[in-house]
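This report concerns only the one structure given below.
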Amino acid sequence: MSDRKPPRGESLYRGPAAPRDKRERERERDRSARPASPPARERAPLRERLDAAQSESHSAREQRVYGLNACLALFAQRPQDIRKVWLLESRIPKLKGVLAFCVKHRLGYTIVEDLDLEKLSGSAHHEGVCFSAMPREEQSLSAWLRELPRGPAIALWLDGVGNPHNLGAILRSAAHFGAAGVLLPKHSELAVSGAAARVAEGGAEQVPMVRLGRSDNAIAQLKSAGFELAATVVRGGRSLYSLQLPERLVLVMGAEQIGVGADMSDAAALKLGIPGSGRVESLNVASATAVCLGEWLRQRDAG
């Protein structure tokens, strides 16, 4: 028996427990009936944790692609990159192949309403379908040049272009006229977004996107591969239609209002202008790109 003396004012004998009310008794019964918590899961091996982190990173990189032709082109070129599909019921006939692929590979697809699709895509111009997919990988200049066949080729260097709708229109023209690639400066924030892919109408899946390093190194590599640079300018350039354009050509297209930067203009052997009525100062960059690409292809076909 303990000989501990209770502190002043405290008794060792507590007396009978206070009666519990009905709610306390019910809570105790619930706790006793609840199954025991499972043992803590062992920490996964390092390799598994790295794989899981990579998977989460990939999920964060997924982008929304919308528009019927943009989505069908993505499905035709790289179906393995599709992660989820949303569509209007009216689009089922056009997307039967996509839905069959989703069923076969256990990918989620959901029939939604128009307003839901507008929220998912972030656009009212979704055309009844939206994919969540991995973005198309950009190439390095060295890899692009290695894969490029010999002979005539034209590429587009976008100097300061930033509007995704202009990029989409440029990609559509590039695909139509058979451009070999679109070259993006190292620090340019321009990339193929959902809006650009929709405007491109499938062209975003057909034309390689090339991310450049230092501009001087890129220019040297291009010249070594037989390319000449031609900068489009508003004033002071030679008429596009008066020149025999090189068989291997890089067209340098500048941003709206600013045009091609001084460094790129100085590096270009040719300065090209597009003759017009003079009622407006110049064409939109996407329209100017289409005109130049069309003339280059016309000369190849005529030759």
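One table, with the values for the structure above:
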| item | result |
| --- | --- |
| Protection-proxy order for peptides 99-105, 198-204, each taking the mean of Cβ atoms within 10 Å per residue, highest first | 198-204, 99-105 |
| Sparsely packed GluC sites (Glu not before Pro) within the stretch 87-120, loop by DSSP, other Cβ within 10 Å at most 12 | Glu113 |
| Dipole of the stretch 102-159, positive end: most advanced residue of Leu156, Gln139, Tyr109 [Cβ charges, Cα centre] | Gln139 |
| Cα-based shape type of the stretch 132-290, given that a ≥ b ≥ c are square roots of the gyration tensor eigenvalues and the cut on a/c is 1.5 | oblate |
| Surrounding net charge for Glu247, when Lys and Arg each add one and Asp and Glu each subtract one, Cβ distance under 12 Å | +2 |
| Anisotropy class of the stretch 228-292 from Cα gyration tensor, a/c 1.5 cut | oblate |
| Dipole of the stretch 225-303, positive direction: furthest Cα of Leu229, Met264, Pro275, with charges on the beta-carbon | Pro275 |
| The stretch 134-273 - charge dipole about Cα centre, Lys and Arg +1 at Cβ, Asp and Glu -1, debye rounded to 20 | 200 |
| With every protein chain in place, the stretch 218-258: carbon and sulfur % of accessible area (1.4 Å) | 48 |
| Amide hydrogen neighbours beyond the local backbone of Val252, cut-off 5 Å, H modeled | Trp157, Ala230, Ala231, Thr232 |
| Whole-number percent relative contact order across the stretch 63-133, with pairs defined as alpha carbons under 8 Å at least 6 apart | 55 |
| Label-point separation, Ser142 to Asp266 (7 Å along Cα→Cβ), nm | 2.8 |
| Rounded Å value of the spacing that divides the Cα centres of the stretch 75-105 and the stretch 176-215 | 24 |
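The values are calculated or read from the model by the stated rules, or taken from the named source; none is laboratory data. A quick note: this is a predicted structure, and the numbers were derived from the prediction, not measured. Please note: Cβ atoms are built from the backbone with ideal geometry, for glycine as well, and neighbour counts cover all protein chains shown. Each accessible area value is taken on the protein alone, full model and side chains, heavy atoms only, with ligands, DNA and RNA left out. Shrake-Rupley method; radii C 1.70, N 1.55, O 1.52, S 1.80 Å.
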